[in-house]
């Protein structure tokens, strides 16, 4: 039971980031879970290896918050798959979260750079 | 929009799609079909875990699981009501009996007084008081001079408090016009403040109240409830105690029964110095009360240590003062005399009760502990048997991926349910049992189970839960997941290791049962002996009560009793009336050495020369029905002006007059110029209690000796003895309207009180013995019945092979007789040990009493046979063909 709790902790830490990445990957059109995982992996140049458990928990959560919606459809190679697409609320959320993220990384970057300058 | 929650199937379909999509992609990247699938699956991890996570998401995992366990356990218990009820009742009896005995033991021996900060409260104790003094309890009572000197030492004690009852039993009180009796103590001014006992109404006493001997009283919550119906207007009411008025100024906090052992004090008054309110209700000795009599050590002392002061430090400070004060008014200690030594003990339990009830209670606790052992193992065995039949269910669960932890949790939950239900029932049982125990033991103070008792019970139940969870777990796990796929009943049946444990437990229970039965038999035989011990006279038709009138002169007292005797003799149905100063059968006695024929007698073989004496009136022995063997008994004509006459018993004549005819010899107290001529010898009879051996006795006539006070009146009547009391009360109140009949009862009841504690002990032991037998029988029956049901196939085969029904029955009976034999072999030596521990509580029976052991052995054998009869019959009834067909 403890291991499960600690896993939940880890998801909570990643939550914001993973949510953002999922929302972003859906900007270009509906996609299924496996496609989203692949897209994130590819676009991050294999830095992010999406853990599938977290992915589906996140998808579930986003769906419950009505930021994405899902429907069963057929993939390019005629496979039945569940396709997720952004809702209007999701688009708004993406814009918000993206700017939040940029502010955060800029601030972190400023601090890290300043330290480097002093040390250098 | 209403969104339906996604189904688990929908989710698992999505997982499946994911894996296939991934595999396809991998194949496109150049992997073989099979390899791609394998990698996709591996990358995804456990599908099942993801599904579970999906299910658990957003739920309070722990609570949910637990609730599910609880529901499951409840359902499975309800499905087998026979098992559930047996287990709960067994547990309730075992735990309840322990709770009840523990709460009595706790109250009597362990509990701190209900006062503030009890850790600093101590009783004062002493070694033997100086020569020439009289005492109530050698180790526990002190003279007023000691108290007065010690309380002036303020270095170690915050408060030093004296308390003493106004009567050895109850004291005459009056609130309106009707005389009543109540239990009252005289106490120091610091009694309530020093002990830290709150007053729920009004105020307590002050130092000033003690100094002025203020006519004020505080009543107990119990008395306020019982006598005044909790009327708030009670403050200001006048309470007359032996005729003196006291104004009620306060009501003590609920739960404070006073400091008298096993009694509940009704009221307290400040220490008084009046002849009619002497300590213990004694007549004053030569006009002196306890306050001015340094030879009478009659006060109990209790103190509160200052914070940070240890008992040893306090004793060090007080010892010299105490030893000096001990000789106040007594002169210098004799050469070689040991001075009394002061000590302090924690104020725990009732003072004086540890000596009297300590060992019996500890033994009783041991006995009920054994009962508990039987009860717990019984339930554990029931659970094991039950769960063995559920082995298939557990195997299935293990095969489906349940962890051992999950199984343990489920079993613990069942155990918890059983223990809580049993525990609640046990608590109710204990509350009533405790009340009954208190009534039997004549303990009036509150014995109600309190927090400490609750902790004890919960502790026992916690052990039970763990036992009930852990014991069947082994069995649950023993099958392992593989058992689920096996089908044969024979294959999934008993494994030998487990039955060995079951048999071991039954043998252990038999052992314990033998011990309990022997103890019970010894105590019950003791009781029978006591009840059948002849008293030396016939108690049928005898009724007794006390009166305590006020006298201003000796002559007035004698006149009062003479007149009372005449009045009582005149009541229709009264055959004869006798007076006595110390009531027979009350346990009280006056013992000292007397001069015989002018000198201290010499007893044969250096025995005791102490003589027990009593003061009685004319016709006393005639009233009792004790035969006068020689001479005559006291007559109305033996007055103060007539020659001084006395009587003795056979033992007196035998021990001090060496078989000579006692008539004409004299005896008398060594310190008074009284020479009393023996005019009669009576047959030995029981005087103080049923279990006493004959003692030399001497009797004075109350009309001839210079002491008079409270007396007991003995009446022999025709018909129902107690029916004469209203007429007797009327006769007494014609003489003095203030006088109640104190402690009226039949003489038989008075003697029965002297063995009340043996009665209690024997009844309890008998009850626990029976309980143990019943539990063992239930356990044995359960185990055997279960084993027979598991061996149905085997029995069927045996019978198909030609075994006769008789042989099958013998097979089952042999089994339980074997266990009984083991139990007896182990139990008898243990019982001998217990018997030796009981020796001090036995009367007329030796610890190795053969009949008791035979009874116990017979008892367990009968139980074993009775418990086996039904399973054996069922085994014999097995139809070989049916048994084999179920395979």
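Among DSSP bridges having both ends in the stretch B:549-738, what percentage is antiparallel? Round to the nearest 5.
Details: 22 of 32 bridges.
The antiparallel proportion sits near 70 percent.
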Between the alpha carbon centres of the stretch B:515-594 and the stretch B:643-709 the gap in Å comes to 18 Å
At q = 0.14, 0.19, 0.23 1/Å the base-10 log of I(q)/I(0) from the Debye formula over the alpha-carbon atoms of the stretch B:213-324 is -0.79, -1.10, -1.24
dims of chain B, Cα set, principal axes, largest to smallest, nearest Å -> 135, 72, 58
Using alpha carbon centers only, the stretch B:734-788 is separated from the stretch B:792-862 by a whole-angstrom value of 27 Å
Least to most buried among B:870, B:296, by other C-beta atoms within 10 Å and fewest first, runs B:870, B:296
Rounded to the nearest 10, the angle in degrees between the Cα long axis of helix B:8-28 and the longest principal axis of the Cα atoms of chain B comes to 40 degrees
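Other chains near B:12-21: what is the mean number of their Cβ atoms within 10 Å of each residue's Cβ? Don't skip to the end; give the middle numbers.
On the way: counts 0, 4, 10, 4, 2, 9, 11, 2, 6, 12.
Per residue, the number of nearby Cβ atoms from other chains is 6 on average.
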Inverse of <1/r> over all distinct C-alpha pairs of the stretch B:754-887, i.e. the Kirkwood Rh in Å, gives 17.2 Å
Rounded to the nearest 5, the percent of DSSP beta bridges in chain B running antiparallel is 75 percent
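Order these by the 10 Å Cβ neighbour count, fewest first: B:216, B:177, B:639, B:295. Spell out each step's value before the answer.
Working: B:216 21, B:177 7, B:639 12, B:295 16.
Ascending Cβ contact count within 10 Å gives the list B:177, B:639, B:295, B:216.
Peptide B:31-44: average number of partner chain Cβ atoms within 10 Å per residue? Please report the intermediate quantities before stating the final value.
On the way: counts 0, 0, 0, 0, 0, 0, 0, 0, 0, 1, 0, 0, 4, 4.
Across B:31-44, the average partner-chain Cβ count within 10 Å equals 1.
In peptide A:27-34, what is the residue-averaged number of other protein chain Cβ atoms found within 10 Å of each Cβ?
On the way: counts 0, 0, 0, 0, 0, 4, 6, 13.
Average neighbour count from other chains, rounded to a whole number: 3.
So for the stretch A:40-113, averaging the separation of alpha carbon pairs under 8 Å that are six or more residues apart and normalising by length, what relative contact order in percent results? Write down the numbers at each step before the final one.
Details: 47 pairs, mean separation 13.6, N = 74.
So the answer I get is 18 percent.
Just order B:389-396, B:167-174 by mean Cβ neighbour count inside 10 Å, highest at the front, would you? Working shown, then result.
Working: B:389-396: 18.0, B:167-174: 21.6.
Most protected by this proxy first, the peptides run B:167-174, B:389-396.
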Relative contact order as a percentage, chain B, C-alpha pairs under 8 Å and 6+ apart, gives 15 percent
Quick numbers on the protein assembly as shown, Rg and Dmax over C-alpha atoms in Å, give 42.6, 139
Per-residue ellipticity at 222 nm attributable to helices in the protein assembly as shown (runs of n ≥ 4 DSSP H, -39500 (n - 2.57) apiece, nearest 500 deg cm²/dmol) works out to -17000 deg cm²/dmol
Nearest 10, in degrees from 0 to 90: the angle of helix B:850-876 to the longest Cα principal axis of chain B is 30 degrees
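Dividing the convex hull volume of the alpha carbon atoms of the stretch B:118-348 by its residue count, what do you get in Å³ per residue? Walk me through the numbers before you get to the answer.
Numbers: hull volume 26.8 nm³, N = 231.
Hull volume over Cα atoms, normalised by residue count, gives 116 Å³.
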Taking Cα atoms only, helix B:47-56 is inclined relative to the longest principal axis of chain B by an angle, in degrees rounded to 10, of 40 degrees
Of B:90-98, B:250-258, B:871-879, ordering from highest average Cβ density within 10 Å down gives B:90-98, B:250-258, B:871-879
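Peptides B:226-233, B:270-277, B:646-653, B:363-370: what's the order by average Cβ count within 10 Å, highest mean first?
On the way: B:226-233: 12.0, B:270-277: 19.1, B:646-653: 23.8, B:363-370: 20.9.
Packing proxy ranking, top to bottom: B:646-653, B:363-370, B:270-277, B:226-233.
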Hull surface over four for the Cα convex hull of the stretch B:592-714, reported in nm², is 7.7 nm²
From fewest to most C-beta neighbours within 10 Å, the residues B:626, B:101, B:431 line up as B:431, B:626, B:101
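Only the coordinates and a few stated rules stand behind these numbers; no lab work does. Quick caveat: nothing in here was measured; it's all calculated off a predicted structure. Cβ atoms come from the backbone with ideal geometry, glycine included; neighbour counts cover every protein chain shown.
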